[in-house]
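Let me give you the structure first, and then I'll get to my questions.
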Amino acid sequence: MNGMRSWIARRLLLGAVQTAAVVLLVFALTEALPGDAAVAFAGDQPDPQRIAAVREAMGLDRPAHERLADWVLGLLHGDFGTSLTSGRPVAGFLADGFGPTLLLAAVTVLLLVPVGVGLGVLAARHEGRFTDRLISSATLGVYAVPEFALGALLVSVFALRLGWFPPTAVGYGTGLLAHPAVLVLPVLVLLARPVCSLARLVRAGMIEALAAPYTAHAERYGIPGARVRYAHALPNALAPATQQLARTVDWLLCGVIVVEALYVIPGLGTVLMNAVADRDIPVVQGLAVVFGLATVVLNLGADLVTHRLAPRSGVAA
Amino acid sequence: MKPPMEQPMNENPVLASVTALTVEVDGRALVDRVSLRIRPGTVTALVGASGSGKTTTGLALLGEYPAGARVTGEVTVHGTRIGYVPQHPAAVLNPARRTGALLHDMARRQVRDLPRPQRRTAARQRVTEALADAQLDASAGVLGRYPHQLSGGQQQRVVLAQALLLGARVIVADEPTTGQDALTKRRIVDQLAAVAARGIAVLLLSHDLDVVRELADEVLVMRGGRVVEQGPAHRILDGPTHPWTKELLAEPRTLPYADPGRTGEELLTVDGLTARHRTAGRRAPVLNVDRLTLRRGECLAVVGRSGSGKTTLARCLAGLHRDHTGQILLDGTALPRSLRDRSREQLAAVQYVFQDARAAFDEHRPVLDQVARTAVRLRGAGHREATEEARRTLTDLGLDDALVRRAPGGLSGGELQRAALARALLARPRVLVCDEITSGLDPVTRRSLLDLLATLIRRPGGPGVVLITHDLDTAAPATRLAVLDGGHIVEQGTREQILTAPRHPFTAALLAASRRWGAAVRP
Amino acid sequence: MNRLRRYGPGAAVVAIPLGLALAGPFLAGEPSARAASFTLGGGHRLGTDFVGRDVVHQVLLGGRPVVLVALAATALAYLVALPLGLISALTHRRWLEEVLMRPPDVLLAVPSLLMILLVAAAFPPGPVGLALLVAFVSIPDAARIVRAAAAEAASRPAVEALRMQGESWWRIAVGYVGRSILRTLAADAGIRLTGVLYLVATAAFLGIGVAPDAADWAVMVDRNRTGLLIQPWAVVVPALLIVALTMGGNLLVDAALQHRTPPRKGRRP
C-alpha cells in the first residue's frame, strides 16, 4: 500500500500549504490596506491619540516581515494579539465564543449524517414513487435557500405565530444546553442546506449503485435484498457523499455566522461580525485563522474517509 | 470439453433448456425463436458478431432480460443455479468492497444450518476451496484487496470462484477472450476446459472461433437474433452449410500485405529509444528499442501482449509520446520528439491511425469535413480542393458521399476506421502507423479492412506501414515482424523466420498458443 | 415528458420574485412621505419599515440589486475561470498547469463567506465591490470544473487526431474542446448562479456591500427584524421573495439539467 501512504503524505502536505496560505492571506489583506493602516482603523473620527495607540498596538513602525514573524510565532503559542477596541487579548474573545458555536456545530453534524443518509436511502428505495418525489423536490427546493431567509420565516411561524420556540437566544446567555428549545430553530436552519445536499447525493449514488452490474450480480447469487442494499450498494453511494460532506463544512461555517447573527447567539460568528463592524482587525485575523484551520482540518478528514471508502477515485491531492 | 469417447448425448441429463425463446424490445426482436439444451460437462458455444443476440440469450438463462422486454418461449433450469462470468469481470466486482466481501456473504448463507460457533470457520473453508478451484491462492491476500488492485486475470478468476462457490452446474461465459493476446487466451481456454472437466456445463458466448473450435461440443451460429445453424461442433466448424457461417469461418488473410519484390531503402529508423511513463509521480522506463527499421514499400508488424509497450512505440513514432530519449530518423534525418515541434512536412510524412476510430473523430462535425482538413493544414490545399480530394479518397475506400456527409455517429465502427485511414492518407504520408486498428471489429469487417490496407501498401508511392497488433493472425502477412515483450524487442525478422523458426522462447510461446501457427513449434 | 410539466413548477415559483426584481423599480414610482416606524395600515398595504418607509415601495425596489449583482458576479467568475481552466487543461507544460491551478486549489480551503467577510473588514465594498468579491471567491471552483471537463475532452484521441492534422491551438481549444464542454458549462453555470445568489443575499444580510438603509430584500430582512413582533410583513415578504427566487431558480436549473442528460438505460443489458 505504498500508493496509499504517498497519497496521504501528499494530502497532508496540501493541508499544510493551505494552512500557511490562510495565515499569509489573512496577514496580507490587512497589509494591503491603502494609506496608513492606523488611520484607516482609527475610524471616522481620526483622533491623533487613537491613531498613535493603534500604531503602537499593531507595531506599524516595524517592517512587515518582522510583524508577520511575530504574529505567526504568537499564533503558535496561542497568542492571537490584542483587540483594538477593547484592549483585551483576542484569545479571550475566542474562548468566549467557542462554547456556543461548538455546541451548534456538534449538534448539527450529529444530526446531519443520519438524517441526510436516511432521507437519501429512503428516496432511492422508492425511486419514482410518491415518497421519492416528495423528498426530491423538497431537498431540491430548500437546497439553495439562504439561511437568513429561511430562518426569518421559521421564526415568524414557529416562534411568533405558534409560540413553540423562543425567537432568539437573548436572555439565555451561554447556557444553551440547559434550554434545548432555544436550539431547535437554529439547528434546523443550519441543517437545511447540508441535509438537502447530502440526501440528494446519497439518493443519486444509491440509485446508481442499485442499478450497477455488481449489485445485480450479488442479487443473482442469492444475497438477500437488505444486505445487498446496505452492505454492497450503500458503500458506493457514500463515497461521493463524503466528498460533499467536506464541502458542506464550508456551508456550515457560513451558516454558523448567519444563524448566530439571526438568533443572537453569542458564538464565534457573532464575535466575528462585531469585529468586522468595528474593524477590529486583530480579532478578525484571529477568527479567520481559526475558521480557516477548522475548514482545512475537516476537509482533510473527509478526504481521508473518502479515500478509504472509494480507494479508486482520485481525490485531488 | 470434448468427451474422450463418443458418448450418446441423450443419456446425459439436461441441466437447462431454452425453447423457442423470443425477446422483443420496442417491437424489435433481439432474440428470435432460439432453442438449446445444456448438459453436464459440455461446452455449448453461441457464435456470432456483436449484436447477434448472444448475450441476451445467455442472460435469459439467468432469468434476466433487458428493461421493457416482451418475452415468449420457455427457459427451464433443472435444480441448479447458474453462474455468470461477464465480458468485463471488473463490472460485476463491487469497487467499494474488498474481493472477499461477496464471497463471504455467499458462503455464510450456505452454512446457516451449522451450529453458530462453527459457521465462521466453515464459511472461510468454503471460500478458500472455491478460490482454489478457480486457481487462486487465498493465502496470497486476494480476498483483502479491492477489485482495482487485482490483475485482469485475477478478476476473471474471482468471478469464476463466485460461480463455483454458488455451486453452479451451468456457467455462462460472455466473450471471455475478446481483445486478449494469445497467451492470455490460452490460460482462459485451459481454465474453462478445467471447469467443464469437473462436470459443469459451460455456455460460451463468443465470436472468437479459435476458442470455440478448441472448447465447444455444440455450436449455435447466431445472426440478427436468429440461430442460422446449430449442431455438433465438428460438423458446423468443418462443414458449414449456411453462407453466413461460411463467411464467419473463412480463414484470415495469409497473402502478404506488401509486394515482396518491391522493398526499397530504409525509410524510418528507431535508434536507441528509451520511452518513459509517469506513474505516481515517478518516471519509469517502459520501452527500450535499440534499433528497428521500416523500409520503403514494406509492412512491419509489431506484435506483443497488452502492456508490452507496443502502443508507446507507435506513439513515439507519431510524436504523440514525447517523454523519450534516442532518435527516430526519417530518411536519415532525426524527427523532433513532439509533434508540436514537427514541421508540416514532417507531420504529413508520419501519420497515425488510432485504435478507437469513433473516439478519434469530433462527434459534432461531418466526417467529410474532418477528413478534408488534413489536406488544408498539411498540404496547404484550398477548402474546395481539399473537400473534393477527401471525397475521392473516401469513395476509393468504399465510403459513399451520402455516408460521409453524416457526423461520425451515423457510421459503423468499420466505416469510421476506413474514414480514419482516408484522413491519414490525405497527408500523402510516407509512413502510416496503424495502432490496433482492427481490434474492435468482427472477423468479416477485420478481413476487409486488412485487404484494403494491403491495396494501399502495394500502390506505387504507397506508404510504408507499421502495424501494431496483439493478434498473430493480423501480424502474420506483414513483410517483417518484431516481437515486443516487457518493453524490449525480443526478436525481429522476416515473416518466414519468425513464424517458422522462432529463436526466442517468448516468440515460440506466442506461436504455440495460437492454433494456426502452433503447429510449427509444437513437438 | 412535456415542457410545461418539466419547467412549470420552477417557472411558477421564480416568476413573481424575478418579475418584481426586473420590473419592480419601474412600477415603484416616487416614495411616499415617511410615516412612523413599524406601523400597519394608514395607506401602507404592507405597513412601514424600521425608518417608516412604505414596505411595498421598498419591496418593489429591493430585488434588482440582488439579481443584478448575482448575474454580474457569475459572468465575471466565468470570464476568469474559462481561460484559466482551458489553458491549464490544454498545456503540456506541467509547471504552467501548477502555476494556474494550485492557487485556486489553496483558495478553495477558505470558506467563501469567511473570505468575503475578511476582505470586507479591510475594504468595505459597494455593490460593484461585492460583485467582484463574490466572483473572486467563485473562481476556484468554476475553474476546477472547466479544467476537469476540458482535460477530459483534451485527453480524447480526437484531440490527438487534430494535432496529427496540424490544426492550430485555437481551433483545438475553441473548436473542439470548448464545444465539447459546452453542456457541462451550461449545467455548471446554472448551479453556480444559484450559489452566487445565495452568497450575494447572505452578504447583504450581514451588511456587506450595501448601505444600512438600502432598498434590498436581504437588508430588509435584517433591518426590520427588530419590529418582527409588531410588523412581521416587512420581514416575511422579502424573506419569502428570496426563498422563492432561490428555490425556483434551483428547480429550473435542475429541470434543465435533467432535460440535457439522456434518459437512464434499462436495468439490465
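Between helix B:182-197 and chain B, what is the angle of the helix's C-alpha long axis to the longest principal axis, kept within 0 to 90° and rounded to the nearest 10?
Long axis of B:182-197 versus the principal axis of chain B: about 10 degrees.
Dividing the Cα radius of gyration by the Kirkwood radius, what Rg/Rh value follows for the protein assembly as shown?
Details: Rg = 35.2 Å, Rh = 34.1 Å.
Rounded to two decimals, Rg over Rh is 1.03.
Have a look at segment B:260-515 and give its Rg and Dmax from the Cα atoms, expressed in angstrom.
18.0, 55
Give me the one-decimal nm value for the distance between modelled label points at A:A91 and B:R458, 7 Å along each residue's Cα-to-Cβ direction.
Label at A:A91, label at B:R458, 9.0 nm between them.
What is the magnitude of the charge dipole of chain C about its Cα centre, with +1 placed on the Cβ of each Lys and Arg, -1 on the Cβ of each Asp and Glu, and no other charges, expressed in debye to the nearest 20?
The calculated dipole for chain C is roughly 1220 debye.
Continuing with this model, one more query. Which cross-chain or sequence-distant (5 or more) residues have an amide H under 5 Å from the amide H of B:V433, H modelled 1.01 Å from N in plane?
B:Q351, B:Y352, B:V353, B:V466
Starting with the fewest neighbours, write out B:K54, B:K185, B:K246 ranked by other beta-carbon atoms found within 10 Å of each beta-carbon.
B:K246, B:K185, B:K54
Sticking with this one: Just the ratio, please: alpha-carbon radius of gyration of segment B:95-168 over 2.2 N^0.38 Å, N its number of residues.
1.06
Roughly how many Å is it from the Cα centre of segment C:72-97 to that of segment B:351-383, as a whole number?
Between the Cα centre of segment C:72-97 and that of segment B:351-383, the gap is 27 Å.
At a 10 Å Cβ-Cβ cut-off, how would you order B:V490, C:V55, fewest neighbours first?
In increasing order of surrounding Cβ atoms, one gets B:V490, C:V55.
Let me ask something additional. For an R0 of 56 angstrom, estimate the FRET efficiency from the Cβ-Cβ distance between A:S6 and A:F98 and round to the nearest 0.05.
In this case the efficiency is close to 0.95.
A further question follows. So what's the projected area for segment C:52-176, the Cα convex hull averaged over all directions, in nm²? Walk me through the intermediate numbers first.
Numbers: hull surface 42.1 nm².
That works out to 10.5 nm², a quarter of the Cα hull's surface.
Further question on the same structure: Of B:L21, C:P65, A:Q285, which is farthest along the charge dipole of the protein assembly as shown in the positive direction, counting Lys and Arg as +1 and Asp and Glu as -1 at C-beta?
B:L21
Using only Cα atoms, locate the centre of segment B:385-431 and the centre of segment A:122-149, then give the distance between them in Å, rounded to an integer.
So the separation of the two Cα centres works out to 50 Å.
Dipole magnitude of the protein assembly as shown about its Cα centre, charges +1 at Lys/Arg Cβ and -1 at Asp/Glu Cβ only, in debye to the nearest 20?
Details: 118 positive and 90 negative charges, 477 e Å.
The dipole magnitude comes to about 2280 debye.
Given Cβ point charges of +1 (Lys, Arg) and -1 (Asp, Glu) and nothing else, what value in debye, to the nearest 20, does the dipole of chain B about its Cα centre take?
Roughly 1400 debye, rounded to the nearest 20.
Checking the cross-link filter: which aspartates and glutamates have an alpha carbon closer than 13 Å to that of B:K185, excluding same-chain neighbours under 8 positions apart?
Reachable aspartates and glutamates: B:E175, B:D208, B:D210, B:E214, B:D471.
Okay, moving on. In what sequence do C:Y7, A:Y230 fall when counting other Cβ within 10 Å, fewest first?
A:Y230, C:Y7
Now a separate question. So what's the back-of-envelope 222 nm ellipticity for the protein assembly as shown, counting only DSSP H runs of four-plus at -39500 (n - 2.57) apiece and dividing by all residues, rounded to 500?
It lands at -17500 deg cm²/dmol.
Can I ask one more? Going by alpha carbons, how many degrees (0 to 90, nearest 10) lie between the helix axis of B:383-396 and the longest principal axis of chain B?
50 degrees
If you don't mind, another one. Can you give me the three principal axis dimensions of chain C from its C-alpha atoms, in Å, biggest first?
Per principal axis, max minus min of the Cα coordinates gives 77, 50, 34 Å.
Could you point to the residue in B:P252, B:T241, B:I328 farthest towards the positive end of segment B:240-332's charge dipole, with +1 and -1 charges on the Cβ of Lys/Arg and Asp/Glu respectively?
The Cα lying farthest towards the positive end belongs to B:I328.
Place +1 on the Cβ of every Lys and Arg and -1 on the Cβ of every Asp and Glu in chain B, take the dipole about the Cα centre, and give the residue among B:V85, B:G231, B:T178 whose Cα lies farthest towards its positive end.
Looking along the dipole axis, the top candidate is B:V85.
Going from the alpha-carbon gyration tensor of segment A:97-263, what semi-axes, largest first and in whole Å, does one get by taking the root of 5 times each eigenvalue?
Values: eigenvalues 253, 51, 34 Å².
Each semi-axis is √(5λ); the values are 36, 16, 13 Å.
C:A36 to A:F130: FRET efficiency via 1/(1 + (r/R0)^6), r the Cβ-Cβ distance, R0 51 Å, to the nearest 0.05?
Values: r = 50 Å, r/R0 = 0.98.
That pair, C:A36 with A:F130, gives E of 0.55.
Does anything in segment B:429-448 have its amide N under 18 Å from the 7 Å Cα→Cβ label point of B:R344, and if so which residues?
B:429-430
I need the semi-axes of the equivalent ellipsoid of chain B: take the C-alpha gyration tensor, multiply each eigenvalue by 5, square-root it, list largest first in whole angstrom.
Each semi-axis is √(5λ); the values are 44, 28, 23 Å.
Over all directions, how big on average is the projection of the convex hull of the alpha-carbon atoms in segment A:197-268, in square nanometres?
The Cα convex hull of segment A:197-268, projected and averaged over all directions, gives 5.9 nm².
In addition: Filter chain C for me: DSSP H helices, axial length by Cα at least 24 angstrom, mean Kyte-Doolittle hydropathy not below 1.0. List them by residue number.
The answer, listed by residue number, is C:55-90, C:127-154, C:182-205, C:233-260.
How high is the FRET efficiency between B:A250 and B:R503 when r is their beta carbon distance and R₀ equals 35 Å, given to the nearest 0.05?
Computed FRET efficiency for B:A250 and B:R503 comes out at 0.65.
Share of antiparallel DSSP beta bridges in the protein assembly as shown, in percent to the nearest 5?
Percent antiparallel among DSSP bridges in the protein assembly as shown is about 55.
Measure nothing but the geometry: give the 0 to 90° angle between the long axis through the Cα atoms of B:116-133 and the longest principal axis through the Cα atoms of chain B, rounded to 10°.
Helix B:116-133 sits at roughly 40 degrees to that axis.
Computed from the coordinates by the stated procedures, all read-outs in this text should not be read as laboratory data. It should be emphasised that the depicted structure is a prediction, and the values quoted were computed from it without experimental measurement. In this analysis, Cβ positions are derived from the backbone assuming ideal geometry, glycine residues included, and neighbour counts consider all displayed protein chains.
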